Structures are given as C-alpha cells and as structure tokens.
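Chemist: Right, I'll just put the structure down here and ask away after.
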Amino acid sequence: MAVLQMQRISICALKHDRKAILEKLQSMGMIEMHQVAQDEAGFEKMDTQSAKSSFEKRVQITENALDVLNQYTPEKNPCSPVWKEMS
C-alpha cells in the first residue's frame, strides 16, 4: 500500500455530535488523529445574556403594540369584494 503525504482537515459540526463523528471516521480507517484543537483563535464563548434580554424586551413591546392596534382597528376580510357605487 502506498503511503501518501498527510493532509490536514477541519471538521465543523455541533459539539454534541463530536464523539460520534470522530468514532465513525476512526472506524472507517480513513484518518489518523494526532491532536484535536481545543481552542481556536476567534471562537471564544461570548456572553449573550444582555443582548438576549434586550431582544426579549423589544419583542414584548412589539407584541403589546400589536395588541393595542388589533384592539382599535377592524379586522379586514380579504375575501369580501369592495364595491364602489357608480354615479
């Protein structure tokens, strides 16, 4: 069997699928694992709690505004034709 120069591959997947993916690749005998990158530059865990709460507040304000608008505007029936009187 010919020995080929090793090439590096990167796999992007969900973290909870990591073990299954690695086991499948190893069982197929297509790759040899030397080192698994733990922390890549640019992929830090971010605190998104403040942005999440801001979005949730905006959603609540928007839903309240829609409730008020729906309360004071009549429901339109798109199926009923609008007839203009001809003079």
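The values are calculated or read from the model by the stated rules, or taken from the named source; none is laboratory data. Remember, it's a predicted structure, so these values are computed and weren't measured experimentally. With ideal geometry, Cβ positions are generated from the backbone for all residues, glycine too; neighbour counts draw on all protein chains shown.
Chemist: Can residue 29 be described as modelled with pLDDT of 70 or more and at positive phi?
Modeler: It is true that residue 29 is modelled with pLDDT of 70 or more and at positive phi.
Conditions tested, residue by residue: (1) at pLDDT below 70; (2) surrounded by 10 or more Cβ atoms within 10 Å (Cβ to Cβ); (3) touching a helix residue (DSSP H, G or I) at 6+ places or on another chain (Cβ under 8 Å); (4) outside any helix (DSSP H, G or I).
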| position | (1), (2), (3), (4) |
| --- | --- |
| 43 | yes, no, no, yes |
| 50 | no, no, no, no |
| 58 | no, yes, no, no |
| 79 | yes, no, no, yes |
| 84 | yes, no, no, yes |
